[in-house]
1. Considering only the stretch 87-98, I want to know if a residue exists there that is under 15 Å from the mean Cα position of the chain (by Cα), modelled with pLDDT of 95 or more and within 13 Å of Ala55 (Cα to Cα).
2. Can you find a residue that is of a type in the set (A, V, I, L, M, F, W, C), in contact (Cβ under 8 Å) with a residue 24 or more places away in the chain and part of a strand (DSSP E or B) anywhere in the stretch 133-149?
3. So which residues in the stretch 190-215 are surrounded by fewer than 20 Cβ atoms within 10 Å (Cβ to Cβ) and either out of contact with any Lys or Arg (no Cβ under 9 Å at 6 or more places or on another chain) or modelled with pLDDT under 85 (or both), if there are any at all?
4. May I ask you to list the residues in the stretch 179-189 that are surrounded by 17 or more Cβ atoms within 10 Å (Cβ to Cβ) and at pLDDT 95 or above?
5. Among the numbered criteria (1) without any contact (Cβ under 8 Å) to a residue 60 or more places away in the chain; (2) surrounded by 19 or more Cβ atoms within 10 Å (Cβ to Cβ); (3) part of a loop (DSSP other than H, G, I, E, B), which one does Val110 miss?
6. Any chance the stretch 224-236 includes a residue that's buried (at least 16 other Cβ atoms within 10 Å of the Cβ), at pLDDT below 95 and hydrophobic (A, V, I, L, M, F, W, C)?
Amino acid sequence: MLVVRAPLEAQNEVWSEAGRVDWSEFRIANVVPHGQPLIPYSEGWFTNPDGTKTASFSYFNLNTEEAFDIPLGPDNFIEPRELDGRQPTHFLPASSESGRNRRHESTFTVTVPGDFEGQVVWTLRAQGISASGPSLFGSTAHDMFDAETASSAPVAPMMRIADSQPARGRNGPTAGPVTVRVGESLPLELWLDLLGREKSIVNWYHHQGPGKVTFAHDRCDVTPDEGEAVLGTLATFSEPGEYVLRATAIETRAALVQHCCWTNGYLYVTVTP
C-alpha cells in the first residue's frame, strides 16, 4: 500500500514500503477519469479573535469522473479523535471550475484552543492509497490570518441557514437537524447579506450522508438588486440516514487565489424511511 504523508515541512509526500515515491506521479497534470486517489490538503490556519486557532481543509480528487463515498471511520478520520466528524464523506470528481489547481477548496474547518499543541491530521484511504494532511499549526508560511475580515478584496457575505444565527467566513452558520422522508423534497432557504459587494455565487453540496442527494438547483447567482436575499431550492434524498449539506457563498472564484473570502454554512438533515 502507498502512504501519502504530509509533514509540516513538506505536505503531501508519497511513500511506499520501499521509500519515497516521486509526487509527480500524482500531480494535477495527471488527473484522469478513474483509478487515482483522494488527497486531503490543508489550506493553512489562522488565529481567531478569541485566541482559538482554526485550520481549513480541502481535498484533491485526482479523477475527472470518479466520485467517492467514504463514511467516517477507518478510511476517513481526523486525529486527535475528539475532533473527528466535520470532514466530508462525499467527494466530488476533480473540480472543473478552478483551472488553478482543480481542488475542492476549504470544505470544512477544525477549531482548537489557543494552547493546543501538535497537529490536527486528516487521513483518507482510497484506491489502496492512504493520504494524510496536517493542519500546519505553527508554520508561518501557512498562517492565513482571518482573510475573510482582514482583506480589502472581496468580502465573505453574511449567511443564515434555516434557524441558524447569521455568521460569515469559513466558520459560518450551522443549522438543524431538520427532518424529511426519503424521496420527499426538503425546502432549503438561505438568507444572504452581500455587505455592499456586487454579487455572490451560492453553491449547495452534499457534504455527508449515505445516499444520493439531488438538488433542484445547486447554484444561484445573487445580484445587487436582491441585497439581502432569501434563496430557495429543494433537496431530495435516496436513502435514510444522517446527512450534512454545505452551502458556500463567494463573490468570485478569483477570490480563492487569496484564500478568501467566502462563507460556508452547514445544514444537518435527518432522513427517515
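The values are calculated or read from the model by the stated rules, or taken from the named source; none is laboratory data. Owing to the predicted nature of the structure, the values given are computational and were not obtained by experimental measurement. Don't worry about glycine lacking a Cβ; one is built from the backbone with ideal geometry, like all the others, and counts go over all protein chains shown.
1. yes
2. Taking every residue of the stretch 133-149 in turn, none turns out to be of a type in the set (A, V, I, L, M, F, W, C), in contact (Cβ under 8 Å) with a residue 24 or more places away in the chain and part of a strand (DSSP E or B).
3. Asp193, Leu195, Gly196, Arg197, Glu198, Lys199, Pro210, Gly211, Lys212, Thr214, Phe215
4. Passing the criteria: Val180, Leu186.
5. (3)
6. Within the stretch 224-236, one or more residues are buried (at least 16 other Cβ atoms within 10 Å of the Cβ), at pLDDT below 95 and hydrophobic (A, V, I, L, M, F, W, C).
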